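Every read-out reported here was derived from the displayed coordinates using simple, explicitly stated rules and does not represent laboratory data. In this text, all values refer to a predicted model and were calculated from it rather than measured experimentally. Cβ placement follows ideal geometry from the backbone for every residue including glycine, while neighbour counts extend to all protein chains displayed.
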2 protein chains.
Amino acid sequence: MWRKKGYTVAFVPTMGALHDGHKALIERAVRLADRVVVSSYVNPAQFNSKGDFVRYPKRPGRDRQLASGAGADIYFCPKTLYAVDASTWVEEVDRSQGRCGATRRGHFRGVATVVVKLLSIVQPNWMILGEKDGQQCEVLERVVRDLYLPVEILSHPTVREKDGLPMSSRNMRLTASGRTCAGLWARKVRDAAREGSRLAVSHLRRSLRGQKGVRLEYAEVVGGKLWVAARVGNVRLIDHRKCGRQ
Amino acid sequence: MWRKKGYTVAFVPTMGALHDGHKALIERAVRLADRVVVSSYVNPAQFNSKGDFVRYPKRPGRDRQLASGAGADIYFCPKTLYAVDASTWVEEVDRSQGRCGATRRGHFRGVATVVVKLLSIVQPNWMILGEKDGQQCEVLERVVRDLYLPVEILSHPTVREKDGLPMSSRNMRLTASGRTCAGLWARKVRDAAREGSRLAVSHLRRSLRGQKGVRLEYAEVVGGKLWVAARVGNVRLIDHRKCGRQ
């Protein structure tokens, strides 16, 4: 209806548990468009681990407040986006390979499918994504291009805690010692990316493998960026940084 | 732009080589909507056989005339809908099983993918499909439902030649004797469906296996309908009929 009236619409898809990173996306949407839709849906299809899905932080009341406080016009919380006999998948088979795609089987298929559903429902002019989920941005840009979806994707720089840890809903689940560990991890990633050499990356791998409380999933240079995923306790963290001194 | 002006749009996707079946779809679209878009695109991704793709009839000049004669406002002939590095697929994994899905590997994935692309580009209120491609209708209804695509599918009854052969662009490729064969095939399918019993279907199978020039692919009752596919020469024919006397 808004589109028919000539209003532009910006859309920020989230999985709830909003933090200042989300807030930055919503504020950007508000500057950009006449109307802003924020969705909150913890998409079961993109969790390769049931435990991660069950433990994903949820706090709907606070989220709604944060979204409308940041300027969202609609806070859209579908109960489900999958009929019991849902049988349609959107799958991107190039950019979803490697990195998180290698370790999280089916993850990007779930992401692509739910985002196409959300775009069909919201029909925005712009979709604003956090760069923190970098491979997700790459995959969704490809999906939007390939399927000619009538939306433009804007990605917003990763918002970080003071110690450099990328903001993530999953951070809420870190213990105090885990949080310290995660901060150290983030600094090591930053330093290795600054260095940018193959030697620095293999040094990072060794260092993270030796860091207590951290389980390294991958550390790879792809497209001039250093991409890292690790677990601290049962919390999965990801980050990526441009290689070289900025 | 039409949608912004408040016009309704009906869309008829085709692979060109238009015949009276397509004409009936276009005329229905004209009765229904303010504006009618007909697309013509021989989608490489839905051909499981390269030979079938290469031999698929093409006659663009005549097609354009037929479409505009029937009332189409736009006759849309994209050169390609796949970038060289296209890597996104839409796949329906339930209704696309069995029947044509069993013998034409990847066919319905190609159909679903290209139709989502076309719907993104055309953004119609209605998409009108020929019932002759019955399983295709079932698959696309599921895709549209599952992905919340903002379009309504209408399916139009199969248009037939005088002897009951469903109209199909592929019929143009039948030889004179193949055409006779195909007519006989269609009458056998009609009679078996009227009878509707398991005995009649197994009799049909035996009869088609014995018919010179015909290679039966399948004959199955699914959802109260008899579905049959066969080859006459190198031309693939499909039909389905409600079981029981109408």
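Candidates in the stretch B:12-70 are the residues that are of a type in the set (Lys, Arg) and more than 17 Å from the chain's Cα centre (by Cα); of these, the one that is nearest to residue B:88 (Cα to Cα) is B:50.
Among the residues making up the stretch A:19-30, those that are outside any loop (DSSP other than H, G, I, E, B) and out of contact with any strand residue (DSSP E or B) (no Cβ under 7 Å at 6 or more places or on another chain) are A:20, A:23, A:27. One residue alone among B:108, B:76 is within 19 Å of the chain's Cα centre (by Cα) and either within 24 Å of residue A:115 (Cβ to Cβ) or hydroxyl-bearing (Ser, Thr, Tyr) (or both), and that residue is B:108. For the stretch B:130-141, enumerate the residues that are surrounded by fewer than 22 Cβ atoms within 10 Å (Cβ to Cβ), outside any loop (DSSP other than H, G, I, E, B) and not acidic (Asp, Glu). Selection gives B:137 alone.
Just one of (1) in contact with an Asp or Glu (Cβ under 8 Å, 6 or more places away or on another chain); (2) closer than 28 Å to residue A:222 by Cα fails for residue A:48. It is (1). Taking the criterion of being within 10 Å of chain A (Cβ to nearest Cβ) and in contact (Cβ under 8 Å) with a residue 60 or more places away in the chain, the residues of the stretch B:115-152 that qualify are B:118, B:119, B:122, B:123, B:151.
One line per residue, one yes/no per condition, for (1) more than 10 Å from every other protein chain (Cβ to nearest Cβ); (2) among the aliphatic types (A, V, I, L, M):
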{"residue": "B:55", "(1), (2)": "yes, no"}
{"residue": "B:67", "(1), (2)": "yes, yes"}
{"residue": "B:79", "(1), (2)": "yes, no"}
{"residue": "B:105", "(1), (2)": "yes, no"}
{"residue": "B:113", "(1), (2)": "no, no"}
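When the residues of the stretch B:31-43 are filtered to those that are part of a loop (DSSP other than H, G, I, E, B) and touching a Ser or Thr at 6+ places or on another chain (Cβ under 9 Å), the one that is surrounded by the fewest Cβ atoms within 10 Å (Cβ to Cβ) is B:34.
Quickly run through the stretch B:64-108 and pick out the residues that are within 17 Å of residue B:16 (Cβ to Cβ), buried (at least 21 other Cβ atoms within 10 Å of the Cβ) and either of a type in the set (Gly, Ala, Ser) or out of contact with any helix residue (DSSP H, G or I) (no Cβ under 7 Å at 6 or more places or on another chain) (or both). Selection gives B:67, B:70, B:72. Residues in the stretch B:1-18 that are within 14 Å of another protein chain (Cβ to nearest Cβ), part of a loop (DSSP other than H, G, I, E, B) and among the hydrophobic types (A, V, I, L, M, F, W, C): B:1, B:2. Consider the stretch B:153-164 and keep the residues that are touching a residue at least 60 places away in the same chain (Cβ under 8 Å) and hydrophobic (A, V, I, L, M, F, W, C). The one that is nearest to the other protein chains (Cβ to nearest Cβ) is B:154. So, of the residues in the stretch B:81-103 that are of a type in the set (S, T, N, Q) and touching a residue at least 40 places away in the same chain (Cβ under 8 Å), which turns out to be farthest from the other protein chains (Cβ to nearest Cβ)? Restricting to residues being of a type in the set (S, T, N, Q) and touching a residue at least 40 places away in the same chain (Cβ under 8 Å), the top hit is B:103. Exactly one residue out of B:201, B:214, B:222 is β-branched (Val, Ile, Thr) and touching a residue at least 40 places away in the same chain (Cβ under 8 Å): that is B:222.
So that you can scan it fast, the table gives a plain yes or no per residue for (1) more than 29 Å from residue A:28 (Cβ to Cβ); (2) assigned to a helix (DSSP H, G or I):
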position: A:155; (1), (2): no, no
position: A:170; (1), (2): no, yes
position: A:201; (1), (2): yes, yes
position: A:218; (1), (2): yes, no
position: A:228; (1), (2): no, no
position: A:231; (1), (2): yes, no
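Per this entry, residue B:180 is counted among residues that are surrounded by fewer than 18 Cβ atoms within 10 Å (Cβ to Cβ) and without any contact (Cβ under 8 Å) to a residue 12 or more places away in the chain. Every condition in (1) within 16 Å of the chain's Cα centre (by Cα); (2) assigned to a loop (DSSP other than H, G, I, E, B); (3) of a type outside the set (Lys, Arg) is met by residue A:114 except one, and the failing one is (2). Restricting B:64, B:59, B:35 to residues that are farther than 18 Å from residue B:168 by Cα and of a type in the set (Lys, Arg) narrows the list to B:35.
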